[in-house]
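Read through the structure below, which is laid out as structure tokens, and then see the notes.
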């Protein structure tokens, strides 16, 4: 049994498309040919696009490129929701040229600009987080300051925030979001593990998906496809979300109702968008 895209939305919650360093629109077409219909297109780190910010406004080059790519993808018939923000690893790169504190200020300024795109309707959510690798206590503290700022912007924009962070529950982010005045139910843990109390965005091949479906858990699916020729297929390929969804359905591990909750109900509610065909 295979889903037909004209009957059921299939949504990738976190994907990158890069016409300069990767396959670009052809990768998006692969997603569509496999049955994909909707994608949340996430801005890449500035350094991966050759941008080296000296001020927050410099991130707009990355944001504008993401929106340009989104427009090109829409020409294929796919529905694209841009997610803009500042990757938490930026603090490490920026600190090669300035102090950690200066880096954190530029990152928060960059998030302020990303929030303007959300307010203007050009993007649907923000991206932030903290390093997923070992850092000093100073960098971790400053990264949490940046993340808290992202949550205040999520509050002000009434939008979701995707977080990129260490493996694990990241349950401290619940209190952080509440303290910032943001609904923690709109905080999405990118590359999540099931134990997180945040909304998990699970890799499409995650073995826990059938069990979470049986529990009626709210979660989304993603590929985190990087679209870089130097790392073909990383993290997993652009066809992964529709392919794994169809495979789980054909093997009787999930139901059509599960698919609707994963690919339509949950992302529609979390991001405040209407996912329809």
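Laboratory data are not the source of any read-out in this text; all were calculated from the coordinates shown. All figures in this text were calculated on a predicted structure; none of them were measured in a lab. Cβ atoms come from the backbone with ideal geometry, glycine included; neighbour counts cover every protein chain shown.
Kirkwood Rh over Cα pairs of the chain into Stokes-Einstein at 37 °C, 0.692 mPa s: D in µm²/s? Intermediate results must be reported in sequence, preceding the final value.
On the way: Rh = 18.6 Å.
It comes out at roughly 177 µm²/s.
Based on the mean of other beta carbon atoms within 10 Å per residue, what is the order of 105-118, 208-221, most packed first?
Values: 105-118: 22.1, 208-221: 17.8.
Ranked by mean Cβ neighbours within 10 Å, highest first: 105-118, 208-221.
Helix 240-250 axis versus longest C-alpha principal axis of the chain: approximately 30°, rounded to the nearest ten.
Sorting 133-142, 65-74 by their mean Cβ neighbour count within 10 Å, with the most densely packed peptide first, gives 65-74, 133-142. For the range 76-187, how big is the tail of P(r) above 24 Å, as a whole percent of Cα pairs? Value for the range 76-187: 23 percent of Cα pairs lie more than 24 Å apart.
DSSP finds beta bridges in the range 11-271, and of those with both partners inside it, around 0 percent are antiparallel. The Kirkwood hydrodynamic radius of the range 1-101, based on inverse pair distances between different Cα atoms, is 14.8 Å.
With respect to the chain, whose longest principal axis is taken over its alpha-carbon atoms, helix 137-157 is tilted by about 60°.
Given the alpha-carbon gyration tensor of the range 162-245, what are the semi-axes of its equivalent ellipsoid in whole angstrom, ordered largest first, with each equal to the square root of 5 times an eigenvalue? Mind dumping the intermediate values first?
Numbers: eigenvalues 121, 55, 18 Å².
Equivalent ellipsoid semi-axes, largest first: 25, 17, 10 Å.
Relative contact order of the chain: what whole-number percent is it, with Cα pairs under 8 angstrom and at least 6 residues apart? Spell out each step's value before the answer.
Numbers: 565 pairs, mean separation 62.2, N = 277.
Computed value for the chain: 22 percent relative contact order.
Beyond 20 Å, what share of the Cα-Cα pairs of the range 140-201 is found? Please give it as a whole percent. Value for the range 140-201 (Cα pairs over 20 Å): 15 percent.
Hey, can you rank 163-173, 187-197, 225-235 by average C-beta count inside 10 Å, highest first? Write down the numbers at each step before the final one.
Values: 163-173: 18.2, 187-197: 20.7, 225-235: 16.2.
Answer by packing, highest mean first, reads 187-197, 163-173, 225-235.
Computed with the Debye formula from one identical point scatterer per Cα of the range 46-133, without solvent, the log10 of I(q)/I(0) at q = 0.15, 0.22, 0.25, 0.26 Å⁻¹ comes to -0.55, -1.04, -1.25, -1.31.
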